[in-house]
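Worksheet: the structure to be examined is printed underneath.
Since every read-out is calculated from the coordinates, none of them should be taken as a lab result. Nothing here was measured: the structure is a model prediction, and the numbers come from that model. Ideal geometry is used to build each Cβ from the backbone, glycine not excepted, and the neighbour counts take in all protein chains shown.
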Amino acid sequence: MSRSRRTSHRSGRFAGALLAAVLAGTGGLPAVNAPASAADEPPVRALAAPRIAERLDRGLVAVPASGGVLVTWRMLGNDPSGVSFRLYRAGTLVSETTRTNFLDARGSTSSSYEVRAVVGGTEQPGEKAVVWASGRLDIPLRKPPGGTTRDGVAYTYSANDASVGDLDGDGAYELVLKWVPSNATDVANSGTCTGPTVFDAYELDGTRLWRVNLGTNVRSGSHYDSFQVYDYNGDGRAEMAVRTSDGSRDSAGTVIGDAGASHLADNCAVISGPEYLSVFNGQTGRVMDSVPFEPARGSVADWGDTWGNREGRLLSATAYVNGSTPSMIFSRGIYERIAIAAYDWNGTDLVRRWKFDTNSSTNVGKGFDRQGNHNLAVADVDADGRDEIVYGAMAVDHDGRGLWTTGLGHGDALHVGDLNPARPGLESFNVHEHTGSAYGFEMHDARTGEILWGRKTGTDVGRGICADLTRAHAGAECWSSGGGLYAADGTKISDAVPGFGGGASYNSAIWWDGDANRELLDHRWSGTAGSGYGQILKYNGSTELTRLWYDQDARSNNWTKGNPVLSADLLGDWREEMIWRNNDSTALRLYTTPHPTEFRLPTLMHDPVYRLGVAWQNTGYNQPPQVSYYLGTR
């Protein structure tokens, strides 16, 4: 398979220009028409500072579909707008098109395909694929052996969240998968010890590249072991970064810290002992550097209790805080003190760039404490070319200084993107846990924190989401467990929220079928403890959704959160793929859309907000990635 050379990519303007006709609902895109010569096109203008895009192949994929075989492939963010494609079946040209998908009426499950880009009239080297006969790709797994905790409780492993990166520099994504023990839980469940969290790296054919074990001094649970997979030093190969401690082991068995140390307290919390930030080679799984972890634990009581529940609320992300190269972001604290640190990896050393701390003299009394979320988002909210960290009801500027706070307190869900295209800039939709909050859910300006609209509920609003469901209302629709479906400007559409079979749906979203609206990605409980089966639901003007897809052996993660292992634009055209584990975690199931589309867009992974959203998707309470521009109908 041919690979293109790594090239730079300017974010924003290219994708936004292609979307103009989608947003207006004119039924086609300028890019769908016959392309002009790429040599005649002016350079693409950037909305922000230039960033290096991942060097990706075409991601060619083919699946059985109604009426034949659907073949899809990537248009890259740095392709000239005049790029076109030639698709071959078994060496015979079957389509010459400017689109990035083709429904082959003569295709079968035994067909093979090759796609070649045409730039300035010159055909480029191609990439090949065969049809996924079952409509999905099964990725075999090697489950870690179980064990017994110090209190005599046996545990086994199941596949959990994953992230992606090009670990070996070949232009294709590999997976980094988190394995969690059956006794993984928060310290809030006092007295429960957990087995260690384990990470594996896999090729999509199931080849395991390496295994890393965090050991018993890093508690296993949704708050303690979020991880980042990204190419931090620009060598074309992604690294993995995660918090470690004494006894963590890399793929070669190298021990980080003291192999024999145990820091478990009587209640099985870990509230003492060293913590490290470690970066691992993505190709080999070997540790390359470990430094003392910041934000450091310090006094446990600073974070909201004395037994280690709130001290252990940690999040992570990746952000371009200098505008051109990525930094890894790690945080501690949600309910009281909040601290966030940015680190750079230069290929040899981890270097801390800055730290924000609500306990510092520059931040005390400014309203930043108690404003954290169980998740975070990264976006250039002030359009200066550098990313900010949106941490729920507060935000931190690219340089580590506090940017704004709404003062509305802790929440469990937030969404940041161009949710309302009628107004400039990005918006954030948040839900809030405190019953006395002025708003149970609200939308605010992501640059200033100014509240745009919201509703007081007097309840703990634990779920909330925004997605453009319909052309009937401008912008994204937003709803929450606080009740009601709302347009992006705050107009109430319905007292009921979207749901299926008597259950509300506000866990995740996916671009799946052929239109520009988003579908809902969720699970349905099926009697298995802590798990349901995956489903995709479609809004058709009624809050009772239509089910487009389900698989009873595609199992969800993280209890009520109901998320897949990962959802992202991993292959094919701009629509999103999803990965679920099977019932016994012996394999992952990767699904791609079987629906044709009239629209062509650059891969979402070359949009900065979206790509970084995929990087932080495994953090805390999983949230779907958004894009930096408005993708939908209006």
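Observations, loosely collected:
- Ordering VAL71, TRP179, MET605 by Cα displacement along the dipole of the chain toward the positive end leaves VAL71 in first place; charges were set at the Cβ atoms of Lys, Arg (+1) and Asp, Glu (-1).
- Note on the chain: with charges restricted to the Cβ of Lys and Arg (+1) and Asp and Glu (-1), its dipole about the Cα centre is near 580 debye.
- Gyration tensor verdict on the range 351-458 (Cα atoms; rounded if a/c is under 1.5, prolate if a/b is larger than b/c, oblate otherwise): oblate
- Note on LYS366: aspartates and glutamates with a C-alpha under 12 Å away, same-chain residues under 8 apart excluded, are ASP357.
- The alpha-carbon of LYS492 sits under 18 angstrom from the alpha-carbons of these lysines, leaving out residues fewer than 8 places away in its chain: LYS456.
- Options GLY247, TRP307, SER331, ranked by Cα towards positive dipole end of the range 232-364, top entry (Cβ charges): SER331
- Dividing the helix sum by the residues of the chain, where each DSSP H run of 4 or more adds -39500 (n - 2.57), gives a mean residue ellipticity at 222 nm of -1000 deg cm²/dmol.
- Length gained on full extension, GLU123 to THR92: 9.7 nm, using 0.36 nm per residue less the C-alpha separation.
- Lysines with Cα under 26 Å of LYS143, excluding same-chain neighbours fewer than 8 positions away: LYS178, LYS561
- Qualifying trypsin sites (Lys or Arg not before Pro) for the range 133-214 [loop in DSSP, other Cβ within 10 Å: at most 16]: ARG142, ARG150
- Applying 0.36 nm per residue to the separation of ASP495 and GLU203 and subtracting their alpha-carbon distance, the gain on full extension is 100.5 nm.
- Excluding the site residues themselves, the longest part of the chain lacking any GluC sites (Glu not before Pro) in a DSSP loop with at most 16 other Cβ atoms within 10 Å is 204-449.
- In the chain, the longest principal axis of the Cα atoms and the axis of helix 13-24 are about 70 degrees apart.
- Computed FRET value (nearest 0.05) for SER360 with ALA252, which takes r as the C-beta separation and R₀ as 51 Å: 0.85
- When both the range 314-370 and the range 75-134 are represented by their alpha-carbon centers, they are found 43 Å apart.
- If R0 is taken as 30 Å, the Cβ-Cβ distance between ASN189 and ARG401 corresponds to a FRET efficiency of 0.25.
- The relative contact order of the range 370-483, computed from alpha carbon pairs under 8 Å that lie at least 6 residues apart in sequence, is 20 percent.
- Placing unit charges on each Cβ (+1 for Lys and Arg, -1 for Asp and Glu) gives the range 97-252 a dipole about its Cα centre, and among TYR113, ASN160, PHE227 the Cα reaching farthest toward its positive end belongs to ASN160.
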